[in-house]
Amino acid sequence: MLESKSMGKDAKKKLYQLLLNLSEEEKDEIIALLSGMKMQGENNLCDRISEIRARRFKGGYFCPHCASSMVVRFGTYRQSQRYRCKRCRKTFTDLTSTALNFIHDKGKFFASAEIMLSGATLEETAKAVNISIPTAFSWRHKVLDMVKNTED
Ligand SMILES: [Zn+2]
């Protein structure tokens, strides 16, 4: 126990030393690598939104207000495709009346969902994604609802 603890400390120290000794070029490389990872995360988010869209509109597009299928594309809203119903004239997005529609920081939401589904506690999740515990709690319910809904 003691040994592995001190080894972890050593490894961290070594990593820190390594980072300090990097040349400007190497630092640029690492920054490029990290921003590439960040972009990948954003693409991932778009993939997930299209996944939800595909599941939701499996049986064709329909209006969540009146269930009409007379629906046309109507621009975009916060990276979601927006639609308008020709029958009731109301607009909606891919995420309207799904739990996600009410969450502004969808990146954080998906990150926390992944952490939750890996079995982390509320406290661990809240800390990892930098959200409050009540937020983590309410998101956990949304995650569980989504999992339930997509299993149908
Ligand atoms: Zn309608």
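The values are calculated or read from the model by the stated rules, or taken from the named source; none is laboratory data. For clarity, every value in this text was computed on a predicted model and none was experimentally measured. Backbone-built Cβ (ideal geometry, glycine too); neighbour counts: all protein chains shown.
Annotations for the structure displayed:
- For first residues located in the range 82-94 and more than 10 Å from the ligand (Cβ to nearest atom), partners that are small (Gly, Ala, Ser) and lie 6+ apart or on another chain with Cβ distances below 9 Å form the pairs Arg82/Gly75; Thr93/Ser80; Asp94/Ser50; Asp94/Ser80.
- In summary, Lys127 fulfils each of the numbered conditions (1) more than 17 Å from Asp145 (Cβ to Cβ); (2) at pLDDT below 65; (3) basic (Lys, Arg) with the single exception of condition (2).
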